[in-house]
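Only the coordinates and a few stated rules stand behind these numbers; no lab work does. Keep in mind that what you see is a predicted model, and the values were worked out from it rather than measured. All Cβ positions, glycine included, derive from the backbone under ideal geometry; neighbour counts span all protein chains shown.
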Amino acid sequence: LDRITDEVRQVISDTRNMEQSQSRLENQMAHVVSEMEAMRQELEQVRQESLTDGLTGIANRKAFDTTLEQTLRIAQDNNHATCLLLADIDHFKRFNDTHGHLVGDKVLRFVASTLKRCIKGKDTAARFGGEEFAIILPNTDLAGAHSAAEQIRNEISSGTLINKNRGEAYGSITISIGIAKLGKDDHPLDLIRRADQSLYLAKNRGRNRVEFAGAN
C-alpha cells in the first residue's frame, strides 16, 4: 500500500511539474508573439514613414511612383479609365520670398490637407516635388478628373491662411492643375509628361485654372 501511495504521489508531482512547465511555455510563447507583433508594427511604421512626405504628411515621390505604376498596370489590364492630375502652387517662390519659408511650409501643408480632404476611395495625393503635387485618380474618366480638379482648385482658392499673431491674412493662395488621361500603351512617364504639358498650359493661360492638353 505504501508503495502504491508513493507512486500516486509521484504521479501527482509529475503532473504538477508538467502543468507548471506547460504554463511557463505558454507564457514564453505569449511573450514571443507579443514581441513579434511589436516588431511587425514597428516595421510597418518605418515602412509608412519611408513612403510619407515629412512636411505635408501625404505620400512622397517614392510612394507616388510605386502607386502610379501599380494603378496603371491594373487599369490597362482591366481597361479601366484612369487620370493623373499635376498641380502647382501659383507664384510660390514670390510668396516664400515675401513671407518666409516657415509660412511657405504652412502653405504646402494647407494645400496637402485640402487634397486629402477632396480625394476619396483609392485616389492618391502625393507631394511630387517642391511646390508640385500629384493626384492619381483610378477608375476616373476625363469628366470626373476635371470635376475633381475644379473642386480642389476652388477649395484652395477659397481658403485663407491667417497670421494668428497679427490677425492678418497672408494673401490668396491658388493652384494650377494639369490633367492627363491614361492611354492604352502608356508608361507612367508618358502620363506624367502629358500631365506636365497640361500644367504648363494652365500656367501659360493665366494660372488658377485647370487644363487638359489632349490625348497622347
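Details
- From most to least packed by mean Cβ count within 10 Å, the peptides 141-150, 17-26 give 141-150, 17-26.
- Rel. contact order, % - alpha carbon contacts under 8 angstrom, at least six apart, region 1-151: 26 percent
- Calculated [θ] (222 nm, deg cm²/dmol) that DSSP helices of n ≥ 4 give over the chain, each run adding -39,500 (n - 2.57): -20500 deg cm²/dmol
- Whole-number percent relative contact order across region 62-203, with pairs defined as alpha carbons under 8 Å at least 6 apart: 33 percent
- Computed extension length for LEU55-ARG73: 3.5 nm, one decimal, from 0.36 nm per residue of separation with the Cα-Cα distance subtracted.
- Dimensions of the chain along the principal axes, based on C-alpha atoms and rounded to the nearest Å, stand at 107, 53, 22, largest first.
- Taking each residue as 0.36 nm, the span from SER23 to VAL103 lengthens on full extension beyond its C-alpha to C-alpha distance by 22.9 nm.
- Once you reduce region 115-131 and region 51-92 to the center of their Cα atoms, the two points are 7 Å from each other.
- Coil-residue trypsin sites (Lys or Arg not before Pro) of region 142-185, DSSP, other Cβ within 10 Å capped at 15: LYS164, ARG166, LYS184
- Spin-label model, GLN197 to ILE4: label points 7 Å out along the Cα-to-beta-carbon direction sit 9.9 nm apart.
- Long-range HN-HN contacts of THR52 with modeled amide H, under 5 Å: ASN60
- Counting every C-alpha pair in region 14-130, the share spaced more than 16 angstrom apart comes to 74%.
- Annotation: amide H of HIS91 has no partner in the under-5 Å range at sequence separation 5 or more or interchain, hydrogens built in the peptide plane.
- Long-range lysine pairs (8 or more apart or interchain), the chain, Cα under 18 Å: 7
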